[in-house]
Amino acid sequence: MQFFSDLDGTLIYSRRRRMESPSVAVELLDGRQQGFMTRSTYEWLKRRGGEGVIPVSTRTPGQYRRLTCFGKEFRCRHALLCNGGLLLTEAGEDGRWLSETREMTASSVRELEECKRYLEAVFPSNRIHFPEELMIYIKVEKPETCAEQMREKLRPVAVQIMNDRRKVYVIPRNMDKGRAVKRYLDRFGTDLTVSAGDSLFDVPMLEITDYAIAHISLKESMERRKRAFWCSAPVFSDEICRIIDEIGGKR
């Protein structure tokens, strides 16, 4: 079984989110505890981790490496980062994967640069991040408003302008998590796939795996999805672990 999982909001929770159950700090930023897991999820990943667990995240390699537990305690060999544009292995960033990504996203380069210029006219350039020149993200006070203004002004075709609770992202349309998982399976293969996620960034991935475990807020976006498990708890990582054990038992 291959388990493809989003990280932030799915397995990992910010210090801003109150944790009702016992938790474990899994990320430090500037010496401060930044990210947490429930103790139950943490222990489950220690038992069930390994090469079958593949994180799929908008995080950059530097941001992912702050989560040292995924390599050391959970023994994850691979991670799909920058919304799937990068494959991180035990040996480092996979050059072949990045070359393939650049070929796939060549048509979006002009619009990425246009979005970058738009943001530079509004915000200090040191706040705008352009990892590997694959995607753009910036932390802003009102991300939903900023994203909507960019869409109205720029009318993008080759890129998507999206937001979460704290950031605005500009991502090539053909560099989504679903395509990343398909590329991964084409290269490495597997017999059964499960994915988990909590946001619109995750929908392309949740739609292509054998089973999907999703936050209930995504149900309207995935009305036709079969073999899906909907979780209503704000912190639902423990439920994800339980469902995967159940799926494994049904095989």
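Numbers at a glance
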item: Subset of the range 61-83 that is of a type in the set (Gly, Ala, Ser) and closer than 21 Å to Glu132 by Cα - its residue that is surrounded by the most Cβ atoms within 10 Å (Cβ to Cβ); result: Ala79
item: Any pair with Cβ under 7 angstrom, 6 or more apart, that starts in the range 58-81 at a residue that is closer than 27 Å to Val203 by Cβ and ends at one that is assigned to a loop (DSSP other than H, G, I, E, B) and not polar (S, T, N, Q); result: Arg59/Leu7; Phe70/Cys76; Phe74/Gly49; Cys76/Gly49; Arg77/Glu51; Arg77/Glu90; Leu81/Arg59
item: When residues of the range 84-97 are limited to those that are open to solvent by less than 20 Å² (accessible area, probe 1.4 Å) and without any contact (Cβ under 8 Å) to a residue 60 or more places away in the chain, the one nearest to Met175 (Cα to Cα); result: Leu86
item: The lone exception for Phe130 - which of (1) in contact with a helix residue (DSSP H, G or I) (Cβ under 8 Å, 6 or more places away or on another chain); (2) of a type outside the set (Ser, Thr, Tyr); (3) in contact (Cβ under 8 Å) with a residue 24 or more places away in the chain; (4) closer than 20 Å to Glu113 by Cβ it fails; result: (3)
item: Residue check, Gln63 part of a strand (DSSP E or B) and of a type in the set (S, T, N, Q); result: no
item: So Val109, is it assigned to a loop (DSSP other than H, G, I, E, B), β-branched (Val, Ile, Thr) and either loosely packed, with under 15 Cβ neighbours inside 10 Å or free of Cβ contacts under 8 Å to residues at least 40 places away in the same chain (or both); result: no
item: Helices (runs of 4 or more DSSP H) contained in the range 135-240 and holding at least 1 residues over 24 Å from Glu114 (Cα atoms); result: 177-188, 203-206
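The values are calculated or read from the model by the stated rules, or taken from the named source; none is laboratory data. Keep in mind the model is a prediction, meaning the values are calculated, not measured. Note that we place each Cβ from the backbone using ideal geometry, even for glycine, and neighbour counts take in every protein chain shown. The area values use the complete protein model at the heavy-atom level, side chains included, leaving out ligands, DNA and RNA. Shrake-Rupley method; radii C 1.70, N 1.55, O 1.52, S 1.80 Å.
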